[in-house]
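Enquirer: To start, I am sharing the structure in question, which I have written as structure tokens.
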Amino acid sequence: MYVGWTQVASDSELTGEVLPVDIAGRRLVAVYGDSGWVVCDGTCPHRGAHLGYGGRVDGSVVVCPFHGHRVHLGDDRPALFSVTRYSTLHAAGGLFVLLDDACETGLSRRLLALSRTHFVKPAFQRTLSIPAEYVIENVVDADHFAAVHALTRRPRLSVFEDEAGVLRVEGSFEMVRPNKWQVEEGADTTARARFSAEVFSPTVVVSELGSADAPNVVITAATPTAEGGCVARVTVALPRQRASGAPTVRELSSLVSGSRTAFDQDTVIWDHLDTSVTPKYTEGDELVRAYRAFCQRFVSVGR
Ligand code: FES
Ligand SMILES: [Fe+2]
């Protein structure tokens, strides 16, 4: 399984104070305590109950639903019973956990900054039968945009890994304007939009479309399930300040519906994908290969 940043819930799912969380079959619990939400191992060390099903918060501990022992969140001080607490981020409309601090790539900084400059709105979520990687690699899969999303030209995208360990994709989408006949002879009929994507882990990508100082932003996260599929969550964000003024509710809902339409188009492919095929990559698959190689650094052996 992957131990980099993973989204475990959207804000609307954060009801109550103790929630079970599952990442690829790993039993975790999200707890709303004195310092906000924290994600911890979910199994009670006494005799194995799941703290997420019936546990209750009492100060800085969770009281186990089975025999009522008090279980400390974190092993920073001596206690008869404690569970490991992980780096947790509650920002940009979602709850995220980092299972291994060695895989930190700066998601906290990025999302906290985004919340300051943008209106952020969790848009939708889907349970899918394909592994999470297919959802994230889709964002950087240059060759699929024309075929699946009817873009008139293949985007030009390049990829590199920055010093923080983020896989960065940069380039532009080009669209031939459909009303060519209304444009003067020799005029540029191509519309270009800057595109960038930051892959923070195998399961979280933040993509931007539009000018670098006020882009539209989409956060795509896919949480692996115990069954080998994933739960995909899409969050959108619009800049608070732009030359054209603050964004309207209408613009926000059009970004949500545009993202949902694109996701629906991908889902038709995903629902019928044979993931057992060994890929025969072409030159056009360079970014997908870079993403797949990037994922290997986040694999935890034996958990
Ligand atoms: S299993 Fe948790 S108190 Fe016994
Ligand atoms: Fe797509």
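The values are calculated or read from the model by the stated rules, or taken from the named source; none is laboratory data. Just so it is clear, the structure is predicted and the values come from calculations on it, not from any experiment. Using ideal geometry, Cβ is built from the backbone for each residue, glycine included, and neighbour counts are taken over all protein chains shown. Surface accessibility is based on the protein's heavy atoms, side chains included, excluding ligands, DNA and RNA. Shrake-Rupley method; radii C 1.70, N 1.55, O 1.52, S 1.80 Å.
Enquirer: When residues of the range 43-82 are filtered for being away from ligand 1 (no atom under 11 Å from the Cβ), among the small types (Gly, Ala, Ser) and on the phi < 0 side of the Ramachandran plot, how many remain?
Expert: Adding up the residues that qualify gives 4.
Enquirer: Ala91 - would you say it is away from ligand 2 (no atom under 16 Å from the Cβ), within 15 Å of Pro20 (Cα to Cα) and aliphatic (A, V, I, L, M)?
Expert: For Ala91, the condition - away from ligand 2 (no atom under 16 Å from the Cβ), within 15 Å of Pro20 (Cα to Cα) and aliphatic (A, V, I, L, M) - is not met.
Enquirer: Further question on the same structure: Kindly indicate which of Val135, Val166 is at pLDDT 95 or above, closer than 15 Å to Val218 by Cα, more than 16 Å from ligand 1 (Cβ to nearest atom) and within 19 Å of the chain's Cα centre (by Cα).
Expert: One residue alone meets the criteria, Val135.
Enquirer: More than 16 Å from ligand 2 (Cβ to nearest atom) and closer than 26 Å to Gln125 by Cα, is that true of Phe200?
Expert: Answer is yes for this residue.
Enquirer: Here's a check for you: in the range 60-77, which residue that is at pLDDT 95 or above and open to solvent by 100 Å² or more (accessible area, probe 1.4 Å) is nearest to ligand 2 (Cβ to nearest atom)?
Expert: Among residues in the range 60-77 that are at pLDDT 95 or above and open to solvent by 100 Å² or more (accessible area, probe 1.4 Å), the one nearest to ligand 2 (Cβ to nearest atom) is Phe66.
Matching residues to (1) touching a residue at least 24 places away in the same chain (Cβ under 8 Å); (2) touching a Cys at 6+ places or on another chain (Cβ under 7 Å); (3) within 21 Å of Arg154 (Cβ to Cβ):
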{"site": "Ile219", "(1), (2), (3)": "yes, no, no"}
{"site": "Cys230", "(1), (2), (3)": "yes, no, no"}
{"site": "Leu238", "(1), (2), (3)": "yes, no, no"}
{"site": "Val249", "(1), (2), (3)": "no, no, no"}
{"site": "Asp285", "(1), (2), (3)": "yes, no, yes"}
{"site": "Arg289", "(1), (2), (3)": "no, no, yes"}
{"site": "Gln296", "(1), (2), (3)": "no, no, no"}
{"site": "Ser300", "(1), (2), (3)": "yes, no, no"}
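Here is a yes/no grid of residues against (1) open to solvent by less than 60 Å² (accessible area, probe 1.4 Å); (2) among the small types (Gly, Ala, Ser); (3) closer than 19 Å to Glu170 by Cα; (4) touching a Leu at 6+ places or on another chain (Cβ under 9 Å):
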position: Val249; (1), (2), (3), (4): no, no, no, no
position: Asp271; (1), (2), (3), (4): no, no, no, yes
position: Ser276; (1), (2), (3), (4): no, yes, no, no
position: Glu286; (1), (2), (3), (4): no, no, yes, yes
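Enquirer: Name the residue, out of Asp11, Asp41, that is under 13 Å from Ser82 (Cβ atoms) and in contact with a strand residue (DSSP E or B) (Cβ under 7 Å, 6 or more places away or on another chain).
Expert: So the residue among Asp11, Asp41 that is under 13 Å from Ser82 (Cβ atoms) and in contact with a strand residue (DSSP E or B) (Cβ under 7 Å, 6 or more places away or on another chain) is Asp41.
Enquirer: Of these, Leu287, Leu273, which one is within 16 Å of ligand 2 (Cβ to nearest atom) and farther than 18 Å from Ala146 by Cβ?
Expert: On the way: Leu287 fails: farther than 18 Å from Ala146 by Cβ.
Result of the check over Leu287, Leu273: Leu273.
Enquirer: Also: Among the residues of the range 244-303, which ones are more than 20 Å from Gly228 (Cα to Cα) and either within 16 Å of ligand 1 (Cβ to nearest atom) or not in a helix (DSSP H, G or I) (or both)?
Expert: Those that are more than 20 Å from Gly228 (Cα to Cα) and either within 16 Å of ligand 1 (Cβ to nearest atom) or not in a helix (DSSP H, G or I) (or both): Ser244, Gly245, Ala246, Pro247, Thr248, Lys280, Tyr281, Thr282.
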